[in-house]
Amino acid sequence: MTTPNAPGSGPLISVEALTRAFFVGGEEVRALRGVTFGINRGEWVAIIGQSGSGKSTLMNVLGCLDTPTSGRYMLNGKDVSRMDDDDLAVIRNVEIGFIFQTFQLLPRETALANVELPLVYRGMPAKERRERAKAALDKVQLTHRMHHRPNELSGGQRQRVAIARALVSEPSMLLADEPTGNLDSATGEEIVRLFEQLHHAGHTLVLVTHEPKLAARCPRAIRLSDGEIIADGPGPVVALGGTGVLPQAGHA
Amino acid sequence: MKFGQRFRVDVLEGARIAVFSLRANRMRTVLTTLGIGIGVATLLAIVGIIQGLNTSFDKQLATLGANTIYVSKFPWVIKGNWWVFRNRKNLTLEQVAQLRQQADFITAISPAVLRSSDVAHGASQVSNVRVNGVWSDYLTIGNYEVVSGRFLTRADEEVNRPVTVLGADVAATLFPSISPLGQTVRIDGKPFQVVGTLGRKGKVVSENMDMAVYMPFKTFNSSFGKGRPMQIAIAVADAGRIQQAEDQLVGILRRVRATPPGAPDDFSLNRPDTLAATYEQLTGALYAVATGVGLITLLVGGIGIMNIMLVSVRERTREIGVRRALGARQRTIVIQFLLEASSVSAVGGLLGTTVGLGTAKLVSLVTPLAADVRPSTVLGGVAFAALVGLLFGIWPAARAARLDPVEALRYE
């Protein structure tokens with residue numbers, strides 16, 4: 001297996017005093033109120049919180065789908081908080097592998113074509129990207145279903161296709177949003193096992209969830225509430241309501 | 001990214017998605033295509049028919065000769081009060097003689113009188129034949145070709161011979177199996193000996209030039225009576241100096257006819273090429289109106305494309321979100337939708353071109369109109385259709401690209 005994370009200096013993710021405010025009906029809603037943390041290469045971190053805690057906003061910013069109102073976000077040594085839309089598209093393509101709750105597969109394309117998609121936007125020749133997409137599907141044991149469309153696959157299989165699509169571009173981190181939210185518990189367990197394997201293989205995983213049980217499986221968890229970090233520590237501790245070790249306790 | 005990679009991302013993938021989407025929504029694609037196709041077809045059929053009309057008209061007029069002038073009381077295209085022309089003094093043989101004497105550029109001149117008569121031989125008869133009373137010079141002026149026998153001669157004129165030369169259709173109808181030369185035909189009951197036949201001229205405007213016979217001017221007058229308004233047909237040596245020749249003719253005629261100074265000419269100079277200009281003015285207006293109609297149809301087709309593209313963008317909001325999340329730039333999304341819009345309308349353009357050409361061709365087969373579709377028109381039709389699609393695709397494509405990826409991914 002290839003090493004997913006090329007060695008670099010410092011943490012993979014470094015977030016400092018990050019804020020994000022929206023204007024809804026002329027009123028300012030502060031979804032993130034100054035968030036600071038770091039994630040090292042190879043870590044598996046859960047971001048946990050109730051709905052409205054700001055975890056979805058944080059995920060969007062970490063995934064470069066959204067830009068912060070203030071603060072700094074360094075990803076793999078690059079300050080992505082100041083990038084324009086075109087550069088962010090490249091960052092999303094190269095650095096991030098998304099895994100969504102609703103899978104977000106293109107319904108009319110085959111599993112293989114779905115997995116190829118990130119490489120298409122990288123401008124890779126068809127033959128090469130087909131090879132790599134097949135290899136990625138092999139990692140999630142789905143090569144036998146690669147010519148099927150998403151509606152011919154089970155929920156678990158769809159999420160595995162989505163994981164293969166996230167893996168195929170060999171990103172710096174995998175960013176999963178409630179990856180088991182649309183699956184029954186047995187299938188969800190299957191997917192969590194797959195994450196464990198990926199973690200052991202050295203991938204950096206960031207997992208956004210509201211489920212304490214899922215967060216408890218992660219070596220580290222960050223709990224958000226009202227746009228602020230209220231706990232950061234070992235997954236089982238934070239999941240049960242502990243505070244762990246806050247890097248900047250009392251930060252407002 | 002290098003150019004090759006950009007091309008692969010934007011154009012190849014865009015085209016693949018476009019084809020994919022068009023195939024996935026076949027019925028919708030066909031209907032949208034139809035809108036543009038009808039516009040292009042209308043435009044092409046009209047343009048083809050009018051171009052054909054003009055070309056065939058030019059060709060017909062060319063048979064009249066480029067360097068000929070016809071002097072008459074009535075202009076060929078009457079603008080104004082007919083009675084003004086009607087009350088003009090007739091042209092006379094004296095004036096023909098004066099012109100021949102004084103004008104510098106004349107190479108051939110002939111008086112011409114005309115009536116419509118029945119021409120018969122034995123039991124067969126043709127009606128509404130144009131009977132022309134002319135001089136021998138008329139052969140050159142009218143650019144006629146003698147296919148058998150001879151044309152009228154000066155001697156025929158001088159001794160008032162009852163001879164005639166038949167146009168192609170008259171000869172063919174009255175003498176299907178034997179040579180008409182030496183035979184006698186009866187023109188409105190009077191006997192004339194056939195001395196020659198002419199080659200085929202075809203139609204000029206709506207006149208069949210081959211349904212005609214020719215006889216000496218003097219013979220015409222003594223057979224059918226004088227006093228018929230005369231036309232003077234003139235051939236000029238150099239087509240390039242025709243304006244100069246005209247000016248001189250006007251001067252001579254005004255003097256000979258004693259037109260008071262300051263009064264307008266009491267005669268008209270007609271030229272086939274000025275007739276062509278008048279004609280093109282006429283079809284030009286028709287052309288403009290018809291083109292307008294075609295353009296409006298295309299506009300409607302274009303709005304159809306815009307509508308369907310907006311629907312397509314809305315339907316694929318999540319797909320756009322996914323593509324953006326996986327690294328598609330805004331420009332890539334724009335190109336994808338523009339390719340989709342312009343390929344629909346280019347297909348429509350191709351369809352419209354085929355139908356339009358077919359229509360023009362059909363019209364030329366079932367009517368006397370000759371359709372003429374130039375390659376430039378075809379190319380223009382397809383390119384224009386694609387352009388319409390591109391134009392009307394811009395707004396939907398821009399909307400697609402401007403979608404917030406977060407919102408798009410959440411879209412139900």
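Put simply, the Cα atoms of segment B:68-271 extend 58, 34, 34 Å along their principal axes, the longest span coming first. At a probe radius of 1.4 angstrom, the accessible area of chain A per residue rounds to 42 square angstrom. Sorting A:His148, A:His203 by solvent-accessible area of protein heavy atoms yields A:His148, A:His203, largest first, with a 1.4 Å probe. Computed about the Cα centre, the dipole magnitude for segment B:68-271 is approximately 480 debye when only Lys and Arg (+1) and Asp and Glu (-1) carry charge, each at its Cβ. Note on the protein assembly as shown: antiparallel DSSP beta bridges, both residues inside, total approximately 65 percent of the bridges counted. Largest GNM mean-square fluctuation among A:Leu183, A:Leu240, A:Leu119, using chain A with Cα springs under 10 Å: A:Leu240.
Angle check, please: helix A:185-200 long axis (alpha carbons) against the longest principal axis of chain A (alpha carbons), in degrees 0 to 90, nearest 10. Approximately 80 degrees, to the nearest ten. For segment B:12-97, the C-alpha radius of gyration divided by 2.2 N^0.38 Å, with N the number of residues, is 2.36. Measuring with a 1.4 angstrom probe and ignoring ligands and nucleic acids, B:Lys79 comes out at about 140 Å² accessible.
Averaged over the residues of peptide A:109-122, the number of Cβ atoms from other protein chains lying within 10 Å of each residue's Cβ is 4. Taking every protein chain into account, the 1.4 Å probe leaves B:Trp395 with about 120 Å² of accessible area, to the nearest ten.
What ranking, highest mean first, results for peptides B:165-173, A:83-91 when packing means the other Cβ atoms within 10 Å averaged over each residue?
Details: B:165-173: 22.7, A:83-91: 16.1.
So the peptides B:165-173, A:83-91, ranked by packing, come out B:165-173, A:83-91.
Ranking of B:Lys190, B:Lys89 by solvent-accessible surface, largest first: B:Lys89, B:Lys190 (1.4 Å probe, protein heavy atoms only, all chains present). Tell me which of A:Ala176, A:Gln157, A:Ala216 sits at the most positive position along the dipole axis of chain A, charges placed on C-beta atoms (Lys, Arg +1; Asp, Glu -1). Most positive-ward Cα: A:Gln157. On a 0 to 90 degree scale, rounded to 10, what angle separates helix B:330-366 from the longest Cα axis of chain B? Approximately 30 degrees, to the nearest 10.
Which whole number gives the average, over all residues in B:318-324, of C-beta atoms from other chains lying within 10 Å of the residue C-beta?
5
Per-residue surface analysis assigns A:Thr102 an accessible area of about 60 Å², computed on protein heavy atoms at 1.4 Å probe radius. Build a GNM of chain B with springs between Cα atoms under 10 Å: which of B:Val311, B:Val344, B:Val204 gets the top mean-square fluctuation? Comparing B:Val311, B:Val344, B:Val204 in a Gaussian network model of chain B, the most mobile one is B:Val311. Each of B:Ile234, B:Val322, B:Trp83 was placed along the dipole of chain B (beta-carbon charges, centred on the mean Cα), and the one lying farthest toward the positive end is B:Val322.
For the protein assembly as shown, the Kirkwood hydrodynamic radius from C-alpha pairs, put into Stokes-Einstein at 20 °C and a viscosity of 1.002 mPa s, yields a diffusion coefficient of 66 µm² per second. Under a Gaussian network description of chain A, with springs only between Cα atoms under 10 Å, the residue in A:Pro171, A:Pro234, A:Pro11 that fluctuates furthest is A:Pro11. In the protein assembly as shown, the calculated helix contribution to ellipticity at 222 nm averages -15500 deg cm²/dmol per residue, counting -39,500 (n - 2.57) for every DSSP H run with n ≥ 4. Accessible surface area normalised per residue over segment B:68-271 is 47 Å², counting heavy atoms of protein chains with a 1.4 Å rolling probe. Against the criterion of solvent-accessible heavy-atom surface with a 1.4 angstrom probe, B:Glu319, A:Glu170, A:Glu211 sort, most first, into A:Glu170, A:Glu211, B:Glu319. Of all aspartates and glutamates in the structure, those lying under 19 Å Cα to Cα from A:Lys127, and not within fewer than 8 positions of it along the same chain, are A:Glu109, A:Glu116, A:Asp138, A:Glu170, B:Asp10, B:Glu13.
With no solvent and one point per C-alpha, what does the Debye sum give as log10 I(q)/I(0) for chain A at q = 0.08, 0.12 Å⁻¹? Cα-only, vacuum Debye calculation for chain A: -0.30, -0.69. Seen against the Cα atoms of chain B and their longest principal axis, helix B:93-102 is set at about 70 degrees. For the protein assembly as shown, the dipole from Cβ point charges (+1 on Lys and Arg, -1 on Asp and Glu) about the Cα centre works out to 1220 debye, to the nearest 20. Counting only other chain Cβ atoms within 10 Å of each residue's Cβ, the peptide A:83-93 averages 4. Here chain B is treated as an ellipsoid with the same Cα gyration tensor; its semi-axes, largest first and in whole Å, are 68, 24, 16. For segment B:98-190, pairs of C-alpha atoms spaced more than 16 angstrom apart make up 61 percent of the total.
The values are calculated or read from the model by the stated rules, or taken from the named source; none is laboratory data. Note that the coordinates shown come from a computational prediction; the quantities given were computed from them, not determined experimentally. Cβ: placed from backbone, ideal geometry, glycine included. Neighbour counts: every protein chain shown. The accessibility values were calculated without ligands, DNA or RNA, using every heavy atom of the protein model including side chains. Shrake-Rupley method; radii C 1.70, N 1.55, O 1.52, S 1.80 Å.
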